[in-house]
1. Quick test for you: out of LEU167, LEU173, LEU118, LEU133, pick the one residue that is in contact with a Lys or Arg (Cβ under 6 Å, 6 or more places away or on another chain) and closer than 23 Å to LEU51 by Cβ.
2. What are the residues in segment 224-238 that are surrounded by fewer than 16 Cβ atoms within 10 Å (Cβ to Cβ) and either within 28 Å of GLN116 (Cα to Cα) or among the β-branched types (Val, Ile, Thr) (or both), if any?
3. Select from segment 222-247 the residues that are more than 19 Å from ALA24 (Cα to Cα), touching a residue at least 60 places away in the same chain (Cβ under 8 Å) and either in contact with a Gly (Cβ under 9 Å, 6 or more places away or on another chain) or hydrophobic (A, V, I, L, M, F, W, C) (or both) and list them in ascending order.
4. For segment 5-25, give me each residue that is buried (at least 17 other Cβ atoms within 10 Å of the Cβ) and under 23 Å from THR241 (Cα atoms).
5. Right, SER215: at pLDDT below 90, closer than 17 Å to ILE9 by Cβ and surrounded by fewer than 16 Cβ atoms within 10 Å (Cβ to Cβ) or not?
6. Are any residues in segment 169-210 of a type in the set (Lys, Arg), closer than 17 Å to ILE138 by Cα and surrounded by 14 or more Cβ atoms within 10 Å (Cβ to Cβ), and if so, which ones?
7. Could you say whether any residue in segment 136-155 is surrounded by fewer than 16 Cβ atoms within 10 Å (Cβ to Cβ) and of a type in the set (Gly, Ala, Ser)?
Amino acid sequence: MKGFFHPQILENFEIASSNYNKQAKLQNGVAWRLAKYCTRLNIPKGSWVDLGSGTGLLADALETCDPKQGVLRVDGSSGMLKRNKAGSLTQLWDLNLGLPSWSEQPSLLASSFCLQWLSNPSQRLEEWFASLLPGGWIAIAIPIDGSFPQWHFAAQAAGVSCTAMPLPSKQSLLETIPVQSIRFHKLLRFTETEDDVPAVLRTMRKIGAQTSPKSSLGIKEWRKINDLWPRSKKNGVTQLTWLIQLIFIQR
């Protein structure tokens, strides 16, 4: 992966932008969960930023939970930013370049389903932490290693490569953050269900999240994966499980 502006990543999110909100049910649910946790924190007023905001699901949730607080939406996809609600403050920026130069230090850097797309996520998180106003917060939600166990199992059983996007572990993410600054973390588990393997993976494609640094598989290899993919014992549906790590850090 060459970073957030890698042409394929950008193209996939641009293509998905027009229908993203209709398809991103998991992302919307996690955004609201993250925003509601933020209401429990004593976050200073001032500059709040949604990093990798996409269409603004998290920023919208934060502003709904705190109507007097505006949120700047920063993303690498112009198509996604155009889908933010009218009147939103947006900024097109490659987050692999670090953070933009702002006149005011942010008191909240929030991010959901973004950090895993950046090169060296732990370094990016360290940069975000260093940029905070003293007393400010980072609130992130990110899929982590251990997600998609059904996919990994089927690929291993079939003797082929698992082309799922490699994801960081919680430990690797937090290795550069002072332990005393990590205020709270929680692991969420979500399982999506569809009739078959193509359908469950199609959901990922519909939101533009199908990019992987691994080589594509052929039809025969996918058929093997399909045959060996674990099904629900109850009703035979195809499942795909996400592990989403919520992390709250205060400077």
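The values are calculated or read from the model by the stated rules, or taken from the named source; none is laboratory data. Keep in mind the model is a prediction, meaning the values are calculated, not measured. Cβ sites come from the backbone with ideal geometry, for glycine too, and all protein chains shown count toward neighbours.
1. Values: LEU167 fails: in contact with a Lys or Arg (Cβ under 6 Å, 6 or more places away or on another chain); LEU173 fails: in contact with a Lys or Arg (Cβ under 6 Å, 6 or more places away or on another chain); LEU133 fails: in contact with a Lys or Arg (Cβ under 6 Å, 6 or more places away or on another chain).
Selected residue: LEU118, the only one of LEU167, LEU173, LEU118, LEU133 that is in contact with a Lys or Arg (Cβ under 6 Å, 6 or more places away or on another chain) and closer than 23 Å to LEU51 by Cβ.
2. ASN226, PRO230, ARG231, VAL237
3. LYS224, ILE225, LEU228, TRP229, ILE247
4. Scanning segment 5-25 gives ILE9, ASN12, PHE13, ALA16, TYR20, ASN21, GLN23, ALA24.
5. yes
6. Step one: of segment 169-210, the residues of a type in the set (Lys, Arg) are 170, 183, 186, 189, 202, 205-206.
Among the residues that remain, those that are also closer than 17 Å to ILE138 by Cα are: 170, 183, 186.
Across segment 169-210, the qualifying residue is only LYS170.
7. no
So that you can scan it fast, the table gives a plain yes or no per residue for (1) in contact with a Phe, Trp or Tyr (Cβ under 9 Å, 6 or more places away or on another chain); (2) in a helix (DSSP H, G or I); (3) basic (Lys, Arg):
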| position | (1), (2), (3) |
| --- | --- |
| ILE9 | yes, yes, no |
| ASN12 | no, yes, no |
| SER18 | no, yes, no |
| GLN27 | yes, yes, no |
| ALA31 | yes, yes, no |
| ALA35 | no, yes, no |
| LEU41 | yes, no, no |
| LYS45 | no, no, yes |
